[in-house]
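Reviewing the structure listed below.
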Amino acid sequence: MRDRVTATLRRGTSTFSSFTAGQKAMTIVAIVGLAVGGYFFWSWSGKPTYAPLYTNLSGADASAIVDQLAADGVSYQIADGGSTILVPKDQVYAQRISVSGAGLPAESDAGYALLDNTDAMTSEFMQQVSYRRALEGELSKTIKAIDGVTGATVHLAIPEKDVFADEQQKTTASVLVGTSASRKLTADQVQAIVHLVASSVEGLEPEEVTVVGSDGMVLSTAGQAVTGSGGQRTQQTSDFEQRMNTALQRMLDQALGTGHSVVQVTADLDFDSTETTTQTYVADPNNPPLSEKTETETYTGTGTPTGGVLGPDNIQVPGGTGDGTGNYNQSTETRNNAVGMVTEVRKSAPGAVRKLSVAVLLDSTVAKEEDAARLQQLVSSAAGLDMNRGDTIAVSALTFDTTAAEQAQKELAKDQQGEENEQIKSWIETGILALGVLILVIIALITSRKGRKAKAPRQLTAEERAQLEEMKAALEEARRRELEASNADETSAIEGGEPPDADALAFSEHVRRRNTIAGLIEKQPEEVAQLLRGWLADRRG
């Protein structure tokens, strides 16, 4: 085995020695490149892949988990500002079980896990407190799962139910949300938190949920609309104005050209939510009555009535006298008709336009008096202005200052020229680099070709070829005679039963060497010719 390794090293050394300078340089560069690439590949393949062990951790829990991993000798990485801990992917589940066995994270004990410690001896008050704490913990963990939320604390105020109370107090909730310094909660996320908490607690309305940021900013107040970061009302108003500005500006650009008009819309939106209830009573005469009652009273008699009408102080005043018959009729009718009642409840959604003000500024170089009047009418129709509502529009024509635009155009042209110069410079550097590489390759090829030409065997002359033929023939004749003599000696030795002497062995070795030389002449005539040239040069010298 050792001889094989030695022979391989010698063969490699001799092969490298036969290379030209260019080939040696290219070989060394290739070997170094392969070594560096192999090292980086080995480092990359040997590096473990990390996966999250826990996310959205508090500072105390993250510190305790890191200490536990360091004590166990487990490699880890920290991400997301310290709220996420990563470990090798193949150790995630094992380390999660190990860390949980140590009681980490500590906040994992909150939530419904608190109810596991209750027993039959727990008082009703403690049961209610434990349930509220468990619900708060579950809500906190759920809110922390929202993207961008690093921490959350929920407090619930659930009043006791009293069957004898005329009015029951409302359930309220307050949420403290923590976010990273670079991210703020949007209005949609705040609204999602409000409805999430309200839907998780029995009897809790979204209007009774207060959301506060960790920076002290009120994001949603009980009894008011959700504001979000920056205020939802302001954001909605700004979005509405932006949409109106974009639509009107696009229309004016089509009519006057780009840069010849400016439009600004100011909107007053109504964010109040109102509810109107209207009751109307309707009676249809075609419908039959619900109940009907008729009373008739008739009196018929003769003779003179006695007495008279009672006067003041209950003194009877004599009535008329005379004879005759008496007749009295009385009829009373009572009818209960069906009356219909219509109750209409209307709820107005917030966001209605209360007032619009539109200002249009035109470039006097392109605007004319009749165009300004037509544009005013066109903009009013496009914006949906209602003068009865109090909307206003103002159109003015002034000469635009184009200094800033021209300066910006010059700066833009300068920047474009600079970018073009940088691109041309990059192209030149790339071309020079490619040309240098091409020159090196050409030099290496020329050097390699010269080396091959220098090593190429020179053609044999007629004299050298004749000498080789004579030498080959003499060697073959001598080999034939020596072979015959050797066979004769071996035959005689075998017949006489005597071993061959030293002279016979030496003669056999001489024959073997001569055969080797003859084989070299047949296989490598160029090398033998070079050897002959050396001998001839020595003799001439």
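If you check Gln279, Gln249, Gln330, which single one turns out to be open to solvent by 100 Å² or more (accessible area, probe 1.4 Å) and modelled with pLDDT of 80 or more?
Values: Gln249 fails: open to solvent by 100 Å² or more (accessible area, probe 1.4 Å); Gln330 fails: open to solvent by 100 Å² or more (accessible area, probe 1.4 Å).
None of the other options fit; the residue is Gln279.
What about Gln316, is it open to solvent by 90 Å² or more (accessible area, probe 1.4 Å) and at pLDDT 75 or above?
Details: open to solvent by 90 Å² or more (accessible area, probe 1.4 Å): yes; at pLDDT 75 or above: no.
The answer is no for Gln316.
Which residues, counting only those in segment 362-377, are modelled with pLDDT of 80 or more and within 15 Å of Ala394 (Cβ to Cβ)?
If the condition is that a residue be modelled with pLDDT of 80 or more and within 15 Å of Ala394 (Cβ to Cβ), then Leu362, Ala373, Leu375, Gln376, Gln377 are the ones that fit.
From the list Ser348, Ser291, Ser261, which residue is open to solvent by less than 90 Å² (accessible area, probe 1.4 Å) and either modelled with pLDDT under 75 or touching a helix residue (DSSP H, G or I) at 6+ places or on another chain (Cβ under 8 Å) (or both)? Let's see the steps before the verdict.
On the way: Ser348 fails: either modelled with pLDDT under 75 or touching a helix residue (DSSP H, G or I) at 6+ places or on another chain (Cβ under 8 Å) (or both); Ser291 fails: either modelled with pLDDT under 75 or touching a helix residue (DSSP H, G or I) at 6+ places or on another chain (Cβ under 8 Å) (or both).
Answer to the selection: Ser261.
Output the number of the condition that Thr84 fails; it satisfies all remaining conditions of (1) modelled with pLDDT under 85; (2) under 30 Å from Ser214 (Cβ atoms).
Unmet condition: (1).
Among the residues of segment 30-45, is any surrounded by 11 or more Cβ atoms within 10 Å (Cβ to Cβ) and either within 28 Å of Arg183 (Cβ to Cβ) or modelled with pLDDT of 75 or more (or both)? Lay out the reasoning, then the answer.
The initial filter retains those residues of segment 30-45 that are surrounded by 11 or more Cβ atoms within 10 Å (Cβ to Cβ), namely none.
Within segment 30-45 (the criterion being surrounded by 11 or more Cβ atoms within 10 Å (Cβ to Cβ) and either within 28 Å of Arg183 (Cβ to Cβ) or modelled with pLDDT of 75 or more (or both)), the answer is no, since none of the residues qualifies.
Among the candidates Leu412, Leu361, which residue alone is among the aliphatic types (A, V, I, L, M), in contact (Cβ under 8 Å) with a residue 24 or more places away in the chain and out of contact with any Gly (no Cβ under 6 Å at 6 or more places or on another chain)? It would help to see each step written out before you state the result.
Details: Leu412 fails: in contact (Cβ under 8 Å) with a residue 24 or more places away in the chain.
Of Leu412, Leu361, the one residue that is among the aliphatic types (A, V, I, L, M), in contact (Cβ under 8 Å) with a residue 24 or more places away in the chain and out of contact with any Gly (no Cβ under 6 Å at 6 or more places or on another chain) is Leu361.
Give just the number: which of (1) under 45 Å from the mean Cα position of the chain (by Cα); (2) in a strand (DSSP E or B) does Gln409 not satisfy?
It fails just one condition, (2).
Restricting to segment 376-395, name every residue that is under 11 Å from Val360 (Cβ atoms), touching a strand residue (DSSP E or B) at 6+ places or on another chain (Cβ under 9 Å) and open to solvent by 60 Å² or more (accessible area, probe 1.4 Å).
Gln376
The values are calculated or read from the model by the stated rules, or taken from the named source; none is laboratory data. Bear in mind that the values here come from a model prediction, so they are computed numbers and not experimental data. Positions of Cβ are backbone-derived with ideal geometry, glycine not excepted, and every protein chain shown enters the neighbour counts. When the accessible area is computed, the model is the full protein with side chains, heavy atoms only, and any ligands, DNA or RNA have been set aside. Shrake-Rupley method; radii C 1.70, N 1.55, O 1.52, S 1.80 Å.
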